[in-house]
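A quick write-up on the structure given underneath.
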């Protein structure tokens, strides 16, 4: 599997949306994300703070916002595979490294809007502008990395 570790706020929504509704989602950004995941046969793993509401793929015990997100993903044939552990006092890159040590993978990408969440960034990291969310330029950069 090739993992795509992803954040939600600032990736699948825009910062302007946060003022309108907590746990907002932008359908156009979700479609772009899902198209990229499907096209590149990636396995989505949530790193977002939203992950605390994720119990398991399509679980009725997932929080309402996760069930809504999963419903939107399903429209495009994508399922959330898993989430990284929440490790208090550790950065997202440390949580991702821990996850990768425990799950066989053939590579991974990290998609986030906040470099401050990471102690270390490298060629696996791709950052969005939280005002825009995922864009075609970010998708192209990730595809170049996958095809390199």
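Which distance in nm do the two modelled labels at residue 105 and residue 41 give, with both placed 7 Å along the Cα-to-Cβ direction?
Simple spin-label model gives 1.7 nm for this pair.
Arranged by the count of other C-beta atoms within 10 angstrom, fewest first, what order do 48, 141 take?
On the way: 48 22, 141 14.
The most exposed by this proxy come first: 141, 48.
Would you compute, from DSSP H runs of 4+ residues alone, the mean residue ellipticity of the chain at 222 nm, taking -39500 (n - 2.57) per run and dividing by the full residue count, rounded to the nearest 500?
-10500 deg cm²/dmol
Starting from the eigenvalues of the Cα gyration tensor, five times each then square-rooted, give me the equivalent ellipsoid semi-axes of the range 78-132, largest first, whole Å.
18, 15, 12
Where the centre of each part is set by its Cα atoms, how far does the range 10-39 sit from the range 65-90, in angstrom?
Cα centroid to Cα centroid, the span is 13 Å.
Between residue 63 and residue 140, what is the FRET efficiency for a Förster distance of 41 Å, r being their Cβ-Cβ separation, to the nearest 0.05?
0.80
Along the Cα→Cβ direction, 7 angstrom out, place labels at residue 87 and residue 122. What is the inter-label distance in nm?
Label at residue 87, label at residue 122, 1.5 nm between them.
Need one number: % antiparallel among DSSP beta bridges in the range 3-147, to the nearest 5.
On the way: 1 of 14 bridges.
Expressed as a percentage, antiparallel bridges in the range 3-147 total about 5.
How high is the relative contact order of the range 50-148, in percent, counting Cα pairs under 8 Å that sit 6 or more residues apart?
Computed value for the range 50-148: 17 percent relative contact order.
Taking the Cα atoms of the chain, report the difference between the largest and smallest coordinate on each principal axis, in whole Å and largest first.
36, 31, 30
Every number here is computed from the coordinates shown, using simple stated rules; none is lab data. These numbers were taken from a predicted model, which means no experiment stands behind them. Positions of Cβ are backbone-derived with ideal geometry, glycine not excepted, and every protein chain shown enters the neighbour counts.
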